[in-house]
Structures are given as C-alpha cells and as structure tokens.
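FYI, it's all coordinate maths here, none of it is from the lab. Note that this is a predicted model, so its numbers are computed, not measured. A quick note on method: Cβ atoms are made from the backbone with ideal geometry, for glycine too, and the neighbour counts reach across all protein chains shown.
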Amino acid sequence: MLDSAFYIYLWVMTGIAVITFITLYFVEAGYGMLISKKWGKTINNKWAWFVMEFTIFILMCVMWLTSEHRWEIVPMLFLLIFQIHYIQRALIYPFLIKGKSKMPIGIMFMGVSFNILNAWMQGYWIFNIAYSPEYPALFVRHGTAWFYSAPFIIGTILFIIGFIINLQSDYTIRHLRKDPNDTKHYFPKGGLFKYVTSANYFGELLEWLGFAILTWSISGLVFFIWTFANLVPRANSIYKRYRQEFPEEFEGKKLKRVIPFVY
C-alpha cells in the first residue's frame, strides 16, 4: 500500500514540476542577481544556502542508516554519488560566497521544503522501492554487475562532467567581483559561458540527468524534471537581465540561455 502511495506521490511531484516550470516564466524567483524586496525579509546568503542544502544531506544519511540494505554496495555507491554534490553544495559552496549578499527567507524555506520531499523521493526509492517484489530495479537483479552496465557507465560520466562544469562555472561567477563590497553585476566569460549565460545550470542539469540514468530510477527522473523546471525558466530570466545590462556582449554572438546551441 505504501509503495502504491509512493507512485502517486511521484506523479503529484511531476505535476507540480510542470506547474512550477510554467509559473517561473512569469514570476522570477527573487534571489541571486534577481533578488527583489517583494519576496520579504532576507537572511545571509551563506547561511541560507547551508540550511537548504544541509537539510537534504542529513536526511539522505538518515534514510541510508535506517535501511536494511544500507551495507549493500550498489545503493551505498548511489548514495555516495548523490552526496558528493551536496557535500560541495552544503559544506563548501556557501562559505566560498563573497560579499554580503542576502536571500529572502521565503525562498530559503521553499528550498528546504523541496529538499525534504526530494530526500524521501530519492532515498525511499533507492533503499526500498528498488527492492520491492512489484518493482525489482535492474541494479537489484544484477548486483555489482550493474557497475559494468551501459546505464551506470553513461550516467556516471554525465554526472561527473556536469559536476565539473558546475564547479568551474561557479568559480567563474564567484570571481567576477574583485572587491567583496562591490555589488555591481558583471558578465561571465570563459568555459561554457562562451555558449550559454547560465553554464552553471547546464552543469547541474547534466548531473541529475546522469544520476537518473546511473540509478535507472523513476525518482531520479522526477528529480531531473524538477531541476529542469526550476533552472531553465530561471536561466531565461538571467539571460534577459544580461541582455538589458550588457547588450554589447550579445552583438555578433549566438549565446543561448542554458543548453549550448539549443536554448
């Protein structure tokens, strides 16, 4: 019964993602370079990111520790790959942020809420649904041989490439301002910023597409859909902002928003 409810939950999450995708083309999420007072009171950006991302890191650890499959090598490696992103996102990235930027508290709590839902979505599938008689995942049937399968190899390569792109792009953005008291916007250049204005988001899309493939997971697919629904409209908003502030950077170029040569 719980497994049936879980699949309903996945469909509901997918439906909300579609609504979010459409909504974000009309309503800008007010954080980062798009921060707006209309989103209410703000909190230090470093601590906002830490609270958001550390939430899912801890909850995934709890899901693993409470699972009877916690010592099986395949789900343990899935967890490790997943947590690589959130170790960087929760324990490293926030404290590399320069300046005194803020994030609306409402945005932070929306992020926390989604991460709670996503932790259950990913953890419950990997450690429970994948082992259920109704839906034995491929990696369960094949055991450690799954590490030599095409989905695992292709997905892991995509995840690593996306992770590297994300790190490199964040580094570029972080070093646009030389003075920590500087609040002006600058146009990012180099790397995949030669092709898109939100190279960091492209990296994250690749990461979670790779994770969905390497786990061969319905939950992973829903997470990728959510990532796409959240980041693609935001990349569009950032693209339009850059066009307003740096029109000269677009002259004679075919810069895309988030997916090189496509969008």
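Simple spin-label model, 7 Å along Cα-to-Cβ: Cys61 to Arg141 in nm?
Between Cys61 and Arg141, the simple spin-label model gives 3.6 nm.
What are the radius of gyration and Dmax of the chain, computed over its Cα atoms and given in Å?
Over the chain's Cα set, Rg and Dmax evaluate to 19.1, 59 Å.
Which pairs break 30 Å Cα to Cα here: Lys37/Lys194; Lys98/Lys189; Lys100/Lys254; Lys102/Lys256? Each step should come with its number before you reach the end.
Details: Lys37/Lys194 32 Å; Lys98/Lys189 18 Å; Lys100/Lys254 34 Å; Lys102/Lys256 28 Å.
Result: Lys37/Lys194; Lys100/Lys254 exceed 30 Å.
Compute the acute angle (0 to 90°) between the alpha-carbon long axis of helix 218-245 and the principal axis of greatest extent of the alpha-carbon atoms of the chain; round to the nearest 10°.
0 degrees
Within the range 169-263, which trypsin sites (Lys or Arg not before Pro) sit in a loop by DSSP and count at most 10 neighbouring Cβ atoms inside 10 Å? Please list the in-between numbers first.
Numbers: sites: Arg174, Arg177, Lys178, Lys184, Lys189, Lys194, Arg234, Lys240, Arg241, Arg243, Lys253, Lys254, Lys256, Arg257; in loops: Arg177, Lys178, Lys184, Lys189, Lys253, Lys254, Arg257.
Here the trypsin sites (Lys or Arg not before Pro) that fit, given the DSSP loop and packing criteria, are Lys178, Lys184, Lys189, Lys253, Lys254.
Could you tell me how far the Cα centroid of the range 8-71 sits from the Cα centroid of the range 185-225, in Å?
What the calculation gives is 16 Å, centre to centre.
For the pair Ile160 and Ala5, what calculated FRET efficiency results from E = 1/(1 + (r/R0)^6), where r is the Cβ-Cβ distance and R0 = 35 Å, to the nearest 0.05?
On the way: r = 34 Å, r/R0 = 0.98.
FRET efficiency, Ala5 to Ile160: 0.55.
Please say if the range 63-132 is rounded, prolate or oblate, where rounded means a/c under 1.5 for a ≥ b ≥ c the square roots of the C-alpha gyration tensor eigenvalues, and otherwise the choice is prolate for a/b larger than b/c and oblate otherwise?
Details: a/c = 4.25, a/b = 1.93, b/c = 2.20.
Oblate.
Expressed as a rounded percentage, what relative contact order does the chain have, with Cα pairs under 8 Å and six or more residues apart? Don't skip to the end; give the middle numbers.
On the way: 341 pairs, mean separation 61.5, N = 263.
In percent, rounded to a whole number, it is 23.
With each pseudo-label sitting 7 Å past Cα toward Cβ, what's the Gln88-Ser113 distance in nm, one decimal?
Once both label points are built, they end up 2.9 nm from each other.
Expressed in nm to one decimal, what extension gain is obtained for the pair Glu245 and Thr14 from 0.36 nm per residue of sequence separation less their Cα-Cα distance? Please list the in-between numbers first.
Numbers: separation 231, 0.36 × 231 = 83.16 nm, distance 3.48 nm.
That pair, Glu245 and Thr14, stretches by 79.7 nm at full extension.
Take Glu72 and Lys254, extend 7 Å from each Cα along the Cα→Cβ direction, and tell me the distance between the two endpoints in nm.
Simple spin-label model gives 4.7 nm for this pair.
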